[in-house]
Amino acid sequence: MTRDEALKWVERELEKPNLIKHVLAVEASCRRLAGHFGEDPEYWAMVGLLHDIDYLKTIDDPDRHTRLAAEWLAEKGFDDKFIYAVMSHAERVEPKSKLDWTLFSVDPTTGLVVAAALMHPSKSLAGLDVGFLMKRFKEKRFAAGARRESIAACSNLGLSLEEFLGHVLAAMQGISDDLGL
Ligand SMILES: [Fe+2]
């Protein structure tokens with residue numbers, strides 16, 4: 001599947017602009033971290049783009065989230081490593097590989113970064129830096145849905161929290177037009 005085909009699939013399944021922006025942010029972050037680790041950027045990016053593909057179809061049955069995606073992805077010929085990463089981000093299986101841990105930690109981090117941009121005086125990603133994100137990270141009630149333990153699990157990648165936030169921020173700043181921030 002090409003990136004264009006995957007994006008069309010995402011737009012069809014996820015419909016809502018905020019959901020589509022979320023997966024674009026995860027895609028860009030996975031692409032960047034793959035580059036950092038010397039892995040395949042387009043493969044990792046595709047995992048990020050498709051990780052929530054079944055979100056709306058499973059919204060009334062959250063236990064099915066990623067299980068339905070796994071069926072769809074297998075039908076379309078995605079390999080086991082790809083499907084394992086998608087399932088591990090919802091803790092259906094234990095995250096193991098660098099790809100699994102990247103998706104696992106990137107997913108909530110994009111929410112923290114969006115919330116930080118919206119409360120920043122600049123109302124933009126361009127105005128943010130890692131210091132600002134670290135302060136928001138430490139405020140437990142700020143963007144409480146962005147689970148801090150899941151973000152901090154970036155330690156499994158051998159990255160400090162500052163380094164990890166720096167990568168996600170830079171990746172998201174690189175697509176700020178798509179994100180409308
Ligand atoms: Fe997600």
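Only the coordinates and a few stated rules stand behind these numbers; no lab work does. Since we're looking at a predicted model, the values are computed, not measured.
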Straight distance only, please: which lysines reach the Cα of K57 with their own Cα at less than 25 Å, same-chain residues fewer than 8 apart left out?
-> K8, K16, K21, K76, K81
Enter the angle in degrees (range 0 to 90, nearest 10) between the Cα long axis of helix 98-119 and the first principal axis of the Cα atoms of the chain, meaning the one along which they spread out most.
-> 50 degrees
Please list, or write none, the lysines whose alpha carbon is within less than 19 Å of the alpha carbon of K135, excluding same-chain residues fewer than 8 places away.
-> K123
Let me know the volume per residue of the alpha-carbon convex hull for the stretch 93-181, in Å³.
-> 93 Å³
Report, in degrees rounded to the nearest 10, the 0 to 90 angle that the Cα long axis of helix 161-173 makes with the longest principal axis of the chain.
-> 70 degrees
Measuring from the lowest to the highest alpha carbon on each principal axis, how far does the stretch 32-179 reach, largest first, in angstroms?
-> 46, 37, 29
Rounded to the nearest whole number, the per residue volume of the convex hull around the C-alpha atoms of the stretch 68-130 in Å³ is 113 Å³
What Rg and what Dmax come out for the stretch 42-106 when only alpha-carbon atoms are used, in angstroms?
-> 10.7, 31
What angle do you read, to the nearest 10 degrees and between 0 and 90, between the alpha-carbon axis of helix 3-14 and the longest principal axis of the chain?
-> 90 degrees
For the stretch 1-117, restrict the atom set to alpha-carbon positions and state the Rg and Dmax in Å.
-> 13.0, 39
